[in-house]
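S.K.: Sending over a structure as structure tokens; questions will come in a sec.
Values quoted throughout were computed directly from the atomic coordinates according to the rules given, and no laboratory measurement underlies them. A quick note: this is a predicted structure, and the numbers were derived from the prediction, not measured. FYI the Cβ positions are ideal-geometry reconstructions off the backbone, even for glycines, and counts take in every protein chain you see.
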Amino acid sequence: MTARTTQQRTPAGSAADLAMAALLLMRPRQWVKNAFVFAPLFFTPTAMSVDAMQAVLLVFVCFCCVSSGVYCLNDVRDRDSDKIHPKKRLRPVASGRISVAAAVALAGVLIASGFAIALTLAPAALPALLLYLIVNIAYNIILKNIAIIDVLVISFGFVLRVYGGAEIIGVVPTPWIQICAGLLALFIALAKRRDDVVLDIGTEHRVSLSGYTRLFLDVCIGVTLAALLVSYMIFTLMDDAMARLGSDRLFMTVPFVIAGIFRYLQLTLVFERSGSPTDLVLKDWFLMAAVAGWLVVYAYLIYA
């Protein structure tokens, strides 16, 4: 009886472990990055409707599927270098919790699902989704090994998310939304590279690190954040933006942007905790308060 019970439980335990490993491989925490697809709808009050929300939500799901598929392929390709990383060695493929074949199969299913949903329910987002996949594959194969190009490609991925969200609701994203989204993503990518340098990860894990130093990254971060803050402030004071959004008090959201930027800088430069941007945004109470405050005030100004 005992032996039979043990034999019956083992496969279930293995299946549960495999399912958990597959979920970790998909990196659901990273799905918060795909929220950028909602930016065009949020900044276009006249387009807001239940149908528009549902359409953008579908695009969000498509990007989540495709981005998770890309993460699977990335972990397969980087499994050897991940094994020598202090944190990434625990990833499912690098640790051996899931096989290479299973990871590749999961990637195929996820990417196919994302495009199937887009093709049938959100065809307008297909060009942005396809370009996102192509760019990320190129990034994983070669572009991530080229300093400066690697962070620019990451930034471009966020701009493509904005385009995907804009296309599905039939609006053209303003240059200011594209610039601010790109600069914000560029800052996050630079902060992550700085964390790699601080941890002395080494070029055997990430080749592009040979083109970075802490001083260089600090200067790049400062320039990027200055450009981001100035761009956002100009946007809030433009007559066109105020007329389109129906408020002449958009500048009231600037303090929340400043607070969020300064806090992220503090976490990066003082506490040196910029390794996982999504973890910071989801766990740091200061950043969450800054983001929530910005959302609430902005929504009140343009929707109330």
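S.K.: Would you work out which of 251, 174, 42 lies farthest towards the positive end of the dipole of the chain? Charges go on Cβ: Lys and Arg +1, Asp and Glu -1.
M.R.: 42
S.K.: To make sure I understand the rule: partners must be lysines, Cα under 17 Å from the Cα of residue 283, and not fewer than 8 residues away in the same chain. Which ones qualify?
M.R.: Qualifying lysines at Cα under 17 Å: 33, 192.
S.K.: Among 285, 31, which comes first, second and so on when ranked by fewest other beta-carbon atoms within 10 Å? Each step should come with its number before you reach the end.
M.R.: Details: 285 8, 31 17.
Listing 285, 31 from fewest to most nearby Cβ atoms yields 285, 31.
S.K.: Test of understanding: in a Gaussian network model of the chain with alpha carbons linked when under 10 Å, which of 77, 161, 249 would top the mean-square fluctuation ranking?
M.R.: 249
S.K.: Another question about this same structure. Sort region 8-161 into rounded, prolate or oblate with this rule: let a ≥ b ≥ c be the square roots of the eigenvalues of the Cα gyration tensor; rounded if a/c is under 1.5, and if a/c is not under 1.5, prolate when a/b is larger than b/c, oblate otherwise.
M.R.: oblate
S.K.: Once the mean 1/r over all distinct Cα pairs of the chain is inverted, what Kirkwood radius in angstroms do you read off?
M.R.: After inverting the pairwise mean of 1/r, the radius is 20.8 Å.
S.K.: Next question. Provide the packing ranking of 190-197, 214-221, i.e. peptides ordered by the mean count of other C-beta atoms within 10 Å per residue, highest first.
M.R.: Taking the mean over residues of other Cβ atoms within 10 Å, the ranking is 190-197, 214-221.
S.K.: Can you give the local net charge around residue 26? Use residues other than it whose beta-carbon is closer than 12 angstrom to its beta-carbon, Lys and Arg +1, Asp and Glu -1.
M.R.: Here the count lands on +2.
S.K.: With runs of 4+ DSSP H residues as the only contributors, calculate the mean residue ellipticity of the chain at 222 nm using -39,500 (n - 2.57) per run, divided by the residue total and rounded to the nearest 500.
M.R.: Calculated mean residue ellipticity at 222 nm is -23500 deg cm²/dmol.
S.K.: I've got another one for you. What shape does region 75-184 have by the C-alpha gyration tensor, where a ≥ b ≥ c are the square roots of the eigenvalues, rounded means a/c under 1.5, and otherwise prolate means a/b greater than b/c and oblate the rest?
M.R.: Because a/c hits 1.5 or more and a/b fails to exceed b/c, region 75-184 counts as oblate.
S.K.: May I pose another question? From the phi angles alone, apply the Karplus equation (6.51, -1.76, 1.60; θ = phi - 60°) to region 283-299 and give each ³J(HN,Hα) in whole Hz, x where the residue is Gly or Pro.
M.R.: Listing the rounded values in order: 10, 7, 5, 5, 5, 4, 5, 5, 5, 5, x, 4, 4, 5, 5, 5, 4 Hz.
S.K.: Could you work out how far the C-alpha centroid of region 125-165 sits from that of region 181-224, in angstrom?
M.R.: 17
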